[in-house]
Amino acid sequence: MLQEELQEKEDFSKIISERISTQLSRHNWSLKTLSDQSSVPYETIKKVANGKIRNPSLKNILRIAEAFGCSIDYLAGRQD
């Protein structure tokens, strides 16, 4: 059970990381620009984007989604 939970968190962080990367490209933004637009600290953005934070806070994911103009479901991989 614990192994499954760890795998789910790794998969989630990978999906978030990939979706952030896609949105950065679409908007032609840097991580710094995303940080400025979302009011999420740069170091946090960097860690989330690189998959270093396995379970980012809902507040930060919401701020990132709002900055990109997309849904949380999109960032979480639940929606295309």
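Readers should treat all values here as calculations from the given coordinates under stated rules, not as data from a laboratory. Just so you know, these numbers come straight off a predicted model, no measurement behind them. In this analysis, Cβ positions are derived from the backbone assuming ideal geometry, glycine residues included, and neighbour counts consider all displayed protein chains.
Helix 2-27 versus the longest principal axis of the chain: what angle, 0 to 90°, nearest 10, using Cα atoms?
20
Check cross-link reach from Lys32 to the aspartates and glutamates: straight Cα distance under 20 Å, and skip same-chain residues fewer than eight apart.
By straight Cα distance, Lys32 reaches Glu18, Glu43, Glu66.
According to the square roots a ≥ b ≥ c of the eigenvalues of the Cα gyration tensor, what is the shape class of region 9-48, taking rounded for a/c under 1.5, prolate for a/b larger than b/c otherwise, and oblate for the remainder?
Details: a/c = 2.88, a/b = 1.33, b/c = 2.16.
It is oblate, given that a/c is not under 1.5 and a/b is not larger than b/c.
Just to confirm the filter: which trypsin sites (Lys or Arg not before Pro) across region 19-80 are DSSP coil and have at most 14 other Cβ within 10 angstrom of their Cβ?
Lys52, Arg78
Return a whole-number percent for the relative contact order of the chain, with Cα pairs under 8 Å and 6 or more residues apart as the contact set. Display every interim value, and only then the final one.
Working: 73 pairs, mean separation 30.0, N = 80.
Averaging sequence separation for qualifying contacts and normalising by length gives 38 percent for the chain.
What is the projected area of the convex hull of the Cα atoms of the chain, averaged over all directions, in nm²?
Its average projected convex-hull area is 4.8 nm².
Quick one: angle between helix 58-68 and the longest Cα principal axis of the chain, in degrees between 0 and 90, rounded to 10, please.
That helix lies at roughly 40 degrees to the long axis.
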